[in-house]
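Let me begin by presenting the structure, written as structure tokens, before commenting on it.
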Amino acid sequence: METLIETLKNQIIDVLNLEDLKPEDIDAEAPLFGEGLGLDSIDALELIVLMEREYGIKLSNPAEGKEIFKSVASVADYVSKNRKK
Amino acid sequence: MSNKCIIKSIAQVSCQQPLSDEWLTSPILYDESYAAAIEPNFKEFINPIEARRLGRVLKRALCTSLSALRQAGLNNPDAIITGTGMGCLENSEKFLLQLAQLGESCLKPTLFMQSTHNTISSLIGINIKCHGYNNTYSQKACSFESALLDAWLQLKAGAIKSVLVGSHDEVTPLFAKILKRNSPDFKLVSETSVASVLVAEESAQPNQIEVENVNILYRPLREELIRHITEPAVVMLGLNGNESNDRHYCELLGKVSGNPIMLHYKPIFGDNFSASAIGFYAATRLLQTGKIPEFMYHSKPAGNVIPSEITLINHYEGNTWSLIKLKKH
């Protein structure tokens with residue numbers, strides 16, 4: 001799980017152009033949206049595309065997103081249980 | 001049509017020092033045929049969280065626009081009118097590359113959203129919360145003039161009192177390579193972002209610069225073109241060192257009466273689809289300072305010249321011609 005969290009942090013930095021951040025700056029338990037990283041709805045779209053491209057996960061139920069994208073740790077947990085590649 | 005169209009402020013980002021007039025005294029000279037723009041400190045103008053999603057041309061356009069608005073002491077103009085030949089070229093390239101590599105699924109939404117030409121003008125509008133007239137002109141090398149003509153007509157007619165007019169083009173290394181392949185004798189290709197605040201005044205104050213006239217002519221007869229250029233004292237031309245481009249100016253100026261003094265700007269600022277906007281900026285600065293640096297002369301007359309009027313003449317492939325007359329009061 002630690003490796004997956006590190007990989008996800010790097011992918012999030014890359015896909016969201018968070019140039020000023022390093023993986024160690026991101027708290028795996030901190031909220032991704034609102035507080036914490038302060039991401040917005042366009043970032044959510046980018047994360048959905050990232051999940052599909054890198055892990056073969058298609059999020060069909062938007063209501064799930066709120067829980068899945070709560071933090072890097074919650075994303076890692078969902079990916080480890082549902083990844084297809 | 002009685003209002004005067006006054007240039008209130010103007011700002012540039014190019015291959016010269018950005019948001020600065022240093023080029024007037026210490027121009028940067030390039031040996032290479034491609035020079036990218038020198039970036040200003042974006043953090044002075046754009047929140048880093050907001051900037052992370054923006055491509056280079058968008059960040060430059062915001063910087064020059066906000067700089068021009070600050071200089072003019074204006075928060076919200078009545079209109080925003082933008083010219084761009086190629087729009088957000090870098091994002092378009094990245095998007096197409098992803099399309100080729102990944103197919104039509106899983107493409108980055110940000111690149112898609114920010115690859116359209118009107119992204120620039122709308123981003124400025126959103127940033128300054130301007131809900132007025134917002135329009136984008138994409139007419140190759142005549143994009144700036146098209147935007148300026150729209151602004152000029154609306155100011156003269158009294159439809160608007162103030163307007164932010166700009167023209168912005170980026171040149172990626174790939175695009176520069178293609179240009180070089182198609183036109184091997186290109187002297188300098190570079191990038192341009194120019195923004196200017198124009199206002200309508202009933203009469204001009206001393207030292208103010210007025211946009212006295214703007215004309216765009218498509219495939220004009222030579223006589224018709226000459227009729228629009230009435231004995232100019234100083235002309236600023238889009239000479240770029242290519243014989244196929246420059247011969248049109250030489251042929252025209254050979255027939256214009258009055259033996260005008262010829263200036264050029266592309267050897268210093270480079271060429272691209274928004275280059276005429278940097279010519280407009282340079283001419284404004286020359287009129288404001290009342291001095292013409294040696295390197296701006298294509299033909300140097302004897303003695304000092306203190307310009308009070310400059311006519312900008314540009315063309316694209318000899319077909320589309322633009323004439324802009326600036327006057328210092």
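For chain B, leaving out every one of the GluC sites (Glu not before Pro) that falls in a DSSP loop and has at most 12 other Cβ atoms within 10 Å, the longest unbroken run is B:203-316. All Cα-Cα distances of the range B:135-235, cut into 10 Å bins from zero to the largest, leave 11, 31, 34, 19, 4 percent in each bin in turn. In chain B, the longest principal axis of the Cα atoms and the axis of helix B:89-102 are about 30 degrees apart. Hull volume per residue, based on the alpha-carbon atoms of chain A and their convex hull, is 86 Å³. Between B:Asn182 and B:Arg70, the modelled labels are 3.7 nm apart [label points 7 Å from Cα along Cα→Cβ].
Within the listed set B:Leu148, B:Leu58, B:Leu111, the Gaussian network model of chain B (springs between alpha-carbon atoms below 10 Å) gives the highest mean-square fluctuation for B:Leu111. Rolling a 1.4 Å probe across the protein heavy atoms gives chain B an accessible surface of 43 Å² per residue. What the Cα atoms of the range B:209-328 give is an Rg and a Dmax of 13.1, 37 Å.
Each Cα pair of the protein assembly as shown feeds into the Kirkwood radius, which the Stokes-Einstein equation turns, at 4 °C and 1.567 mPa s, into a diffusion coefficient of 56 µm²/s. The relative contact order of the range B:159-233 comes to 35 percent, based on Cα pairs under 8 Å that sit 6 or more residues apart.
Based on C-alpha pairs under 8 angstrom that are at least 6 apart in sequence, chain B has a relative contact order of 24 percent. Taking every C-alpha pair closer than 8 Å and separated by at least 6 residues, the mean separation divided by the residue count of the range B:209-328 gives a relative contact order of 40 percent. Each of B:Ser190, B:Ser203 has its accessible area taken with a 1.4 Å probe; listed largest first, they run B:Ser203, B:Ser190. By how many degrees, between 0 and 90 and to the nearest 10, does the Cα long axis of helix B:143-157 differ from the longest principal axis of chain B? Helix B:143-157 and the main axis of chain B meet at about 70 degrees. Taking a straight line from the alpha carbon of B:Lys43, these lysines sit under 23 Å away, with near neighbours fewer than eight places off in the same chain left out: A:Lys22, B:Lys59, B:Lys129.
Inter-label distance, B:Glu294 to B:Arg227: 4.3 nm, where each label sits 7 Å from its Cα along the C-beta direction.
The helix-only estimate of mean residue ellipticity at 222 nm for chain B, built from DSSP H runs of length n ≥ 4 each weighted as -39500 (n - 2.57), is -10000 deg cm²/dmol after division by the residue total. Neighbouring Cβ atoms from other chains, within 10 Å of the Cβ of residues in A:33-46, number 2 on average. A Stokes-Einstein calculation at 25 °C with viscosity 0.890 mPa s, built on the Kirkwood radius of the range B:4-201 over Cα pairs, returns a diffusion coefficient of 140 µm²/s.
Relative to the dominant Cα principal axis of chain B, helix B:119-128 is inclined by about 90°. Placing B:Arg60, B:Arg181 in order of accessible area, with the largest value first and a 1.4 Å probe, yields B:Arg181, B:Arg60. Take the accessible area of A alone and of B alone, subtract that of the pair with a 1.4 Å probe, and the total buried over both chains is about 1200 Å². When the other protein chains are added to the chain by itself, burial of at least 40 square angstrom of heavy-atom accessible area (probe 1.4 Å, ligands and nucleic acids ignored) affects these residues of the range B:53-82: B:Arg53.
The values are calculated or read from the model by the stated rules, or taken from the named source; none is laboratory data. Everything quoted here is computed from the prediction, not taken from an experiment. Glycine also receives a Cβ, built like all others from the backbone with ideal geometry; neighbour counts cover every protein chain displayed. Accessible surface areas use protein heavy atoms only, side chains included; no ligands, DNA or RNA. Shrake-Rupley method; radii C 1.70, N 1.55, O 1.52, S 1.80 Å.
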